[in-house]
Amino acid sequence: MTSENTLDDEDTFKILIATDIHLGYLEKDAVRGNDTFNTFDEILKCAKQNQVDFILLGGDLFHENKPSRRCLHSCISLLRKYCMGDTPILFDVLSDQAVNFSNSKFPWVNYQDENLNISIPVFSVHGNHDDPTGADGLCALDLLSSAGLVNHFGRSQSVERIEISPVLLQKGSTKLALYGIGSIPDERLYRMFVNNQVTMLRPKEDQDQWFNLFTIHQNRSKHGATNYIPEQFLDDFLDLVVWGHEHECLINPSRNEQRLFYVTQPGSSVATSLSPGEAVKKHIGLLRVKGRKMNLQKIPLHTVRQFFIQDLVLSEHPDLFNPDMPKVNQRVEAFCQEKVEAMIEEAERDRLGNPLTPEKPLIRLRVDYSGGFEAFNATRFSQKFVEQVANPKDVVHFIRQKEYKAKVKGEEGVDFGQLLSHSSTEGLRVEDLVKEYFLTAEKTVQLSLLTEQGMGKAVQEYVDKEEKDAIEELIRYQLEKTQRHLQQRGVLTEEEIDQEIRRFRESKKNTAEEDEEVQVALNRAKAHRIERGEDLDLSDEPDVSMDSDEDSAPPPPTRGRGRGGRGRGRGQTTARRGRGLFLSKIYSLMRKGKLYLCMYILTTAFVCMCGCVLCVNVFVPVCLGAAEPKPAGRARSQKASVVNPTQGRNIMDGEWLLCFSNLSVCVCIIVLIYYSSSIPPSFSSLHSAAFLAPPQRPSRGAVAAKSYTDEITIDDDDSDDVSFVKPASRPTPASRPTQRTTSSSSSSRRGSQSQSQSYRGVTFDDDDDEEDFDPFKGSSRSGRR
């Protein structure tokens with residue numbers, strides 16, 4: 001690093017770097033409403049005083065996606081005040097500006113506009129707070145760009161491939177390639193980096209003479225499985241990366257030893273959350289670039305409101321209070337008050353000699369009251385400091401530390417505690433746990449036949465869908481396939497067998513064949529479940545799940561005093577609850593969309609009852625009439641009037657046939673009830689394939705099929721380099737092996753139908769379906785451009 005005076009010449013770029021200004025944050029607050037505007041004023045004033053060539057913003061200039069009129073008015077006024085003037089611009093733009101600013105109505109840098117008089121150009125990418133939205137894909141930066149105040153670059157509209165074309169600048173003999181990419185959902189950008197769909201274009205001539213500066217606005221620290229962008233994803237020809245979005249000020253350049261570039265993280269200029277990362281002193285950077293050398297000077301911000309945070313663990317002070325002491329809450333509250341007053345005094349001392357610093361600081365005391373303590377009234381406590389702090393509503397914050405079990409080492413030395421220490425907010429799945437297990441396990445417990453991805457999917461099916469036979473069928477199918485492969489190869493010795501098995505296993509990794517094997521195993525497991533009669537879901541319990549479908553696993557039977565419960569139930573027999581059983585089955589089938597079964601049962605019932613009624617009311621009277629002699633003429637009525645009433649009681653006259661017919665009606669209804677509860681699975685599957693209409697919403701089976709197609713597969717071997725393989729397209733259901741049993745074929749037809757329905761009119765968000773896997777072992781990434 002050389003001194004500032006020797007760098008300030010006609011060949012030196014002077015760039016002011018700032019990120020995450022968040023204009024308009026709490027603009028309606030009586031105390032903190034002007035904080036962001038005052039700090040932005042200080043940043044622009046610093047740029048003008050240091051006579052910088054341009055200002056580089058790393059995203060989130062605005063806090064809201066649709067900033068208020070006051071916020072826009074203040075921003076435009078400040079930019080016009082400091083960035084417009086007669087000062088000449090001493091650098092030139094060499095790249096194709098129509099490509100760099102293709103989304104603008106005026107595709108050229110603002111200082112070259114003949115209608116504007118710009119003294120300090122501002123280059124900025126958009127962040128996640130002010131990203132483009134709506135049908136036209138506009139953001140607040142586009143308004144400033146159309147007004148000629150900001151040069152909005154680094155915007156990509158493609159979701160399949162990103163090509164980052166640099167803005168090529170030259171000042172004297174120094175050449176600067178300015179790369180930038182606006183905020184993109186981290187999961188999507190992570191997947192695109194893995195699939196080599198992000199390309200950074202480089203100048204064709206004199207590539208080694210350009211200083212490559214890259215601006216990015218993404219998660220830098222790992223917040224989840226793929227909810228961040230690792231530094232190893234970036235190209236190694238970069239010289240300096242300006243990282244936005246992270247609010248902690250880490251402005252001193254840190255060197256990435258694998259990619260050999262430097263990373264600076266200026267952080268935010270306003271505290272938007274009362275967290276420890278925001279308590280670090282706020283700075284902006286003054287970057288000087290001459291040739292391939294750089295110098296970064298950090299400049300403290302004086303208009304930023306002071307923020308002090310402290311943690312207090314009550315269980316660490318047993319000499320002062322314990323949960324069994326009388327009036328322990330009053331003691332704790334008094335102790336917390338002393339801590340807050342001490343932080344306020346410290347803020348007063350630091351503010352001396354800095355008239356630009358706001359008077360009231362931000363104070364946060366986090367109290368860990370685990371261990372039997374109780375929380376006192378935080379609102380009443382905070383009201384004591386209304387005139388002293390800027391956040392009187394949330395001075396104290398109570399937390400309770402979760403009690404984690406000690407990490408237990410497995411027999412093979414696997415740290416299970418580390419594997420299970422992830423919080424639920426990270427989106428960790430069972431499939432990811434399986435992968436992490438085999439990554440951290442020793443070589444003696446690694447898989448020999450199965451791949452980590454296949455085993456993970458089988459375990460995922462077992463956990464999510466209770467597919468009990470998924471793991472067993474996957475192992476059995478893979479064993480059969482490996483045996484056939486060995487027989488075809490004709491290997492004999494044990495060493496050759498081991499080598500061939502390893503070679504055969506590695507050849508299937510991250511290919512369509514691997515997905516096909518998993519799907520075949522799942523189809524076999526479903527076929528076994530159908531053969532056991534577990535796929536009909538015709539239990540006695542009412543179905544309370546609104547999302548269940550044909551392929552979902554039946555809910556487990558409830559215990560206790562439920563109507564269909566086991567154990568100490570009331571023990572009703574099937575005959576005593578016949579009508580309730582029949583109606584509950586009809587109701588359950590209608591709720592689950594099985595209208596074809598309802599129509600079948602009701603039609604059969606209607607036909608049987610009509611036949612019985614016809615038998616009772618038509619054939620029986622005919623038989624009775626045929627058994628009696630018919631009197632002729634008027635004698636019939638006369639005889640009928642003088643008949644002895646006791647003659648109707650004679651069973652030989654035919655009334656026994658009426659009694660038998662009525663009894664047959666009851667028997668038919670009872671038989672119908674039990675017949676409806678034992679419909680054969682093959683008939684149900686046949687009607688399902690023939691009459692089931694496409695559902696209006698995707699079923700769980702369709703979602704599972706989609707997730708297999710869009711999963712990211714990463715080829716990880718024992719070498720230091722990591723290669724990323726793009727997954728092949730999923731084979732069609734027609735290419736799968738044909739099942740031998742009838743029930744298995746019906747299950748395959750139902751599975752293929754579910755997949756076809758899922759592709760007709762239902763789209764899925766691929767961003768939510770990622771793998772929790774960190775593929776960085778080596779020092780470089782394959783496919784380097």
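The values are calculated or read from the model by the stated rules, or taken from the named source; none is laboratory data. If you're wondering where the values come from, they're calculated on a predicted model, not measured in any experiment. Reconstructed Cβ throughout: ideal geometry from the backbone, glycine too, with neighbour counts over all protein chains shown.
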Within the range 229-244, of all residues that are of a type in the set (F, W, Y) and within 27 Å of the chain's Cα centre (by Cα), the one nearest to Y190 (Cα to Cα) is F233
Do we have any residue at all in the range 167-176 that's of a type in the set (V, I, T), surrounded by 13 or more Cβ atoms within 10 Å (Cβ to Cβ), at pLDDT 95 or above and assigned to a loop (DSSP other than H, G, I, E, B)? no
So which of V332, V313 ends up being β-branched (V, I, T) and surrounded by fewer than 18 Cβ atoms within 10 Å (Cβ to Cβ)? V313
Suppose the filter is in the same structural domain as S145 (by TED's automatic domain parsing) and either assigned to a helix (DSSP H, G or I) or surrounded by fewer than 22 Cβ atoms within 10 Å (Cβ to Cβ) (or both); does L72 pass it? yes
If you check every pair at least six apart or on different chains, which have Cβ atoms under 8 Å apart with a residue in the range 214-243 that is assigned by TED's automatic domain parsing to the domain that holds G277 and under 23 Å from A18 (Cα atoms) first and a residue that is in a loop (DSSP other than H, G, I, E, B) and of a type in the set (D, E) second? H217/D60; N219/E246; R220/E246; S221/E246; K222/D774; P230/D774
Return the total of residues in the range 83-104 being over 35 Å from the mean Cα position of the chain (by Cα) and either outside the structural domain of G24 (by TED's automatic domain parsing) or within 23 Å of T215 (Cα to Cα) (or both). 11
Quick one: count up the residues across the range 331-381 that are assigned to a helix (DSSP H, G or I) and without any contact (Cβ under 8 Å) to a residue 40 or more places away in the chain. 15
Can you report the number of residues in the range 16-63 which are among the charged types (D, E, K, R) and free of Cβ contacts under 8 Å to residues at least 60 places away in the same chain? 4
Keeping to the range 360-373, report how many residues are of a type outside the set (S, T, Y), surrounded by fewer than 19 Cβ atoms within 10 Å (Cβ to Cβ) and out of contact with any helix residue (DSSP H, G or I) (no Cβ under 6 Å at 6 or more places or on another chain). 3
Taking only the range 246-260 into account, find how many residues are buried (at least 16 other Cβ atoms within 10 Å of the Cβ) and on the phi > 0 side of the Ramachandran plot. 0
Got a number for residues in the range 122-148 being assigned to a loop (DSSP other than H, G, I, E, B) and crowded, with 22+ Cβ neighbours inside 10 Å? 6
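Being out of contact with any strand residue (DSSP E or B) (no Cβ under 8 Å at 6 or more places or on another chain), within 21 Å of A375 (Cβ to Cβ) and β-branched (V, I, T) is the requirement here; does V313 meet it?
The answer is no for V313.
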If you check L116 against the conditions, is it part of a helix (DSSP H, G or I) and either among the β-branched types (V, I, T) or in the same structural domain as F214 (by TED's automatic domain parsing) (or both)? no
Looking at the range 343-350, is at least one residue within 16 Å of H397 (Cβ to Cβ) and at pLDDT 95 or above? yes
Count, please, the residues in the range 384-402 that happen to be under 17 Å from N329 (Cβ atoms) and more than 36 Å from the chain's Cα centre (by Cα). 1
For the range 200-228, name all the residues that are within 25 Å of the chain's Cα centre (by Cα) and not in a loop (DSSP other than H, G, I, E, B). I216, H217
